[in-house]
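Visitor: Here it is, the structure, as structure tokens.
The values are calculated or read from the model by the stated rules, or taken from the named source; none is laboratory data. Because the structure is a prediction, the values reported are computed rather than measured. With ideal geometry, Cβ positions are generated from the backbone for all residues, glycine too; neighbour counts draw on all protein chains shown. Ligands, DNA and RNA are excluded from the accessible area calculation, which covers all protein heavy atoms including side chains. Shrake-Rupley method; radii C 1.70, N 1.55, O 1.52, S 1.80 Å.
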Amino acid sequence: MGQGGVSSLRNDLLQQCPSFNKKEVCPVKAESCPCPGRKLRINVHHAQERESKRWAMELHDSVAQTLGCIILDFDTFITSIYEENMIKRAHEIKYKLQNLYDTLREMLFELRAPYMEEGLAKSLENYLERVAENTNIKFNAEITKNFTGVHQMVQVEIFRIVQEAVTNIKKHSHASEATVKVIFKGDCIQIYVADNGRGFDVNKLKGDRNVDNKHFGLISIKERTQMLGGDFILNSEPGKGTVIDITIPPIGTMGSGLIWNRSE
Ligand SMILES: Nc1ncnc2c1ncn2[C@@H]1O[C@H](COP(=O)(O)OP(=O)(O)O)[C@@H](O)[C@H]1O
Ligand SMILES: [Mg+2]
């Protein structure tokens, strides 16, 4: 089943949730809620995290380790070459292999499940620090220190949303500065990720075109936001940077999202 399939099935089931339809408080804890929509969202959450973990393990155990060994072997091999031109060529090849290895390690880092034992704030800070070290982008971060009471699943979803948005900044924006906010705003959680980079034409992404083109990042941000019962705003224009502004309501305003409750 494609991304669109999961998404529309999820939306169909969401319509069956009585609290969602009445836009009122859902009185039931997420795990014990009989609502098929919520159950499905929880299952999707776990499936996505399991899948990331599986890919991280497989890539690490097979590709990364083998590539690491090849680079070591190649290093030894270079010492047995005497012709100057060949040595130069061999070093060029080694440089490319090393770049490939670094890219792979970066992908593994992105796939790895966030260490939520440290809490969302610490996980996000560590993540942004690491991204800043590996790029020339200056990150301004404003992150609420304490997310106690916010469901663990919601914390992981928020982490993945920020990660996806920041990955886009690294990959596409050419920005010199970026802002990441994950804060309580009134009763809601706001996730705000903005950059001063080259921006893009949002209209070109409309419809299912990007599904055909296999660009899933923004779609996944949107779907994760929907899963949390939140609102997603994307603003971008060529030459004017990009802003992603998400508001996630607490239990009570949508009732159907994965729950979080500050008073818990
Ligand atoms: N912060 C950004 N700055 C510039 N362009 C962006 C940014 N975020 C997204 N884009 C554009 O939107 C497209 C779709 O993004 P996304 O859905 O994450 O897919 P992918 O990153 O795999 O291309 C990107 O290919 C890029 O052209
Ligand atoms: Mg992307």
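Visitor: Arranged from highest to lowest average of other beta-carbon atoms within 10 Å per residue, in what order do the peptides 168-180, 90-102 appear? Write down the numbers at each step before the final one.
Guide: Details: 168-180: 17.9, 90-102: 12.8.
Ranked from most to least packed, the peptides come out as 168-180, 90-102.
Visitor: Among 144-152, 194-202, 75-83, how do they line up by average Cβ neighbours within 10 Å per residue, starting with the highest? Before the final figure, lay out the partial values.
Guide: On the way: 144-152: 15.3, 194-202: 18.4, 75-83: 10.2.
Ranking the peptides 144-152, 194-202, 75-83 by packing returns 194-202, 144-152, 75-83.
Visitor: On to the next question. Would you mind calculating the gained length between Lys204 and Cys69 on full extension (0.36 nm times residue separation, minus the Cα-Cα distance), in nm to one decimal?
Guide: Working: separation 135, 0.36 × 135 = 48.60 nm, distance 4.31 nm.
The span from Lys204 to Cys69 would gain 44.3 nm if fully extended.
Visitor: In nm, what is the difference between 0.36 nm times the number of residues separating Lys185 and Met86 and their Cα-Cα distance?
Guide: Details: separation 99, 0.36 × 99 = 35.64 nm, distance 6.13 nm.
Using 0.36 nm per residue and subtracting the Cα-Cα distance, I get 29.5 nm.
Visitor: Now for a different question. To the nearest 10 square angstrom, how much accessible area does Asp231 have with a 1.4 angstrom probe?
Guide: Using a 1.4 Å probe on the heavy atoms, I get roughly 100 Å².
Visitor: How big is the stretch 131-194 along each principal axis, measuring the range of its Cα positions in Å and listing the largest first?
Guide: Per principal axis, max minus min of the Cα coordinates gives 36, 20, 17 Å.
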